[in-house]
1. Rounded, prolate or oblate: pick one for region 42-156, where a ≥ b ≥ c are the square roots of the eigenvalues of its C-alpha gyration tensor, a/c under 1.5 means rounded, and failing that, prolate if a/b is larger than b/c, else oblate.
2. Please report the spacing between the Cα centers of region 384-421 and region 210-250 in Å, no decimals.
3. Cut-off under 26 Å on the C-alpha distance; same-chain residues fewer than 8 positions from residue 178 excluded. Which lysines are left, in chain and number order?
4. So which trypsin sites (Lys or Arg not before Pro) in region 108-146 pass both tests, a DSSP loop state and at most 10 other Cβ atoms within 10 Å of the Cβ?
5. Within 10 Å of each residue's Cβ, count the other Cβ atoms and sort 62, 208, 348 from fewest upward.
6. Please list the non-local residues whose amide H lies under 5 Å from the amide H of residue 266, H modeled 1.01 Å from N, same-chain partners needing a gap of 5 or more.
7. Tell me which residues come under 5 Å, amide H to amide H, from residue 75 once H is placed; ignore anything under 5 positions away on its chain.
8. Once you keep just the Cα pairs under 8 angstrom separated by 6 or more residues, what percentage relative contact order results for region 131-181?
Amino acid sequence: MFRASWSTPLGSSTKIISQISRCFHQTQTIWQHQIPVQTYRCTVDAEPLHRYRPGGYHPLALNDVLKDGRYKILHKLGWGGSSTTWAAKDQKDGRDVAVKINVSERKENNELKISQMLSALHARNPGKSHVNQMLDHFTLVGPNGSHDCLVLELVGPSVAGFVDAHCKDDRLPSKLAKRFAKQTLQGLDFLAANNIGHGDLHSGNIALEVPGLEFLRESDLLDELGEPDMGLVTRSDGKPLEANVPTHIVRPARFRTSTVLSSLSIKIIDFGEAFLNSNVPSTLHTPLSVRAPEVVFGGRLDLRVDLWSAGCLVKIFELITGQTPFDGIMLTASNLAQQMVELATDELPSRWQEKWLAIPEDQMSALDEEYTPHTWMRAVYFDNDKRAEFTEEEIARAAELIPRLLKFEPSLRDTSKELLADAWFD
């Protein structure tokens, strides 16, 4: 974690916190489920099996064909709390696509509305090519309910997945880091120009665009994705499976290394948290380590939540160093707020000070080192045994960009367009 050299805006945080007796209230809504009894077992570790229930996932199998015989399922791409995503062949035009199947309990699908808007835009903004496009949509009725399905452009692994699987130093090569940072900003600029906020920007929602995936024979596509690894699903009590549970679980695809390494472009994906600036949500489910202060402190949200996320994690810091600027392990809303106060380059607005003062002392972390953005970024990038491709000067220039986005006041954050004009991206 980094402690900035500028003073804490409220003076001595120790003195303030010692006066507090009530808890800091998070604005983020968290669904809390009881830990389910383990009814099902499988040798493949993927999506939680207890979510195959009415209201949950649709039980899909490889070679299933959806939408009146149009989309043939070939492999699994991934899963999340509200969906599974699959590689499929569009048997009408031969195109390879991704099919995202939402859980049936997700009735209000803002993602569909936003994706329809994005697909209808005929903009010359170069950022459009860095935003994943929806090609089709349909409703799938199954044993667990009615599921909204989005047919999307087929892309490669996320930046996070790519770094984990293919980068031995756990960070991107310098040329890709700078290129992907620029393209992410271009994508955000396109969204902002059309009054759309992404709301969930992190390295897991930035995917590599793999050349040549659009039109392949089935066998060639499976060569690129890898042979599906499947595990048999059984009941713990030995009874037969219900119809709403799949017979097998498929491990997500691992793209062939040579294919992924040929990628020079990214696309912003997953618009499940996206919103129009004219109809902003009351909160967002952005991961805690990239959550904007207005989400943490309960302020009014707008498009500029993406600028904080881009600055602290996606755009500059993680893409270059392979680490986040905020402690990611055991991070809570309370110590995230503390780190924000230490890190942000403007004062905490008065409208949030009451919540800041509500953080009890025992929820604060000891901060025993002081860093500037430059010294912190330099320490993370150079002070290890990893190969350094950026020069000292390039890291210093990149570090100068961070304070332009990490502002408490959203109105003080530079826009994507303003950042793109910086010579660092030339």
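Bear in mind that the values in this text are calculations on the coordinates, not laboratory data. Note that the structure is predicted; figures quoted are calculated from it, not measured. Note that each Cβ is placed from the backbone with ideal geometry, even for glycine, and that neighbours are counted across all protein chains shown.
1. On the way: a/c = 1.76, a/b = 1.50, b/c = 1.17.
Prolate, because a/c is 1.5 or more and a/b exceeds b/c.
2. About 41 Å separates the Cα centre of region 384-421 from the one of region 210-250.
3. 128, 168, 267, 315, 386, 407, 417
4. Working: sites: 113, 124, 128; in loops: 124.
Those satisfying the criteria are 124.
5. The most exposed by this proxy come first: 62, 348, 208.
6. Under 5 Å from the amide H of residue 266: 209.
7. Residues meeting the criterion, in which the H sits 1.01 Å from N, are 87.
8. Numbers: 36 pairs, mean separation 12.5, N = 51.
The value is 25 percent.
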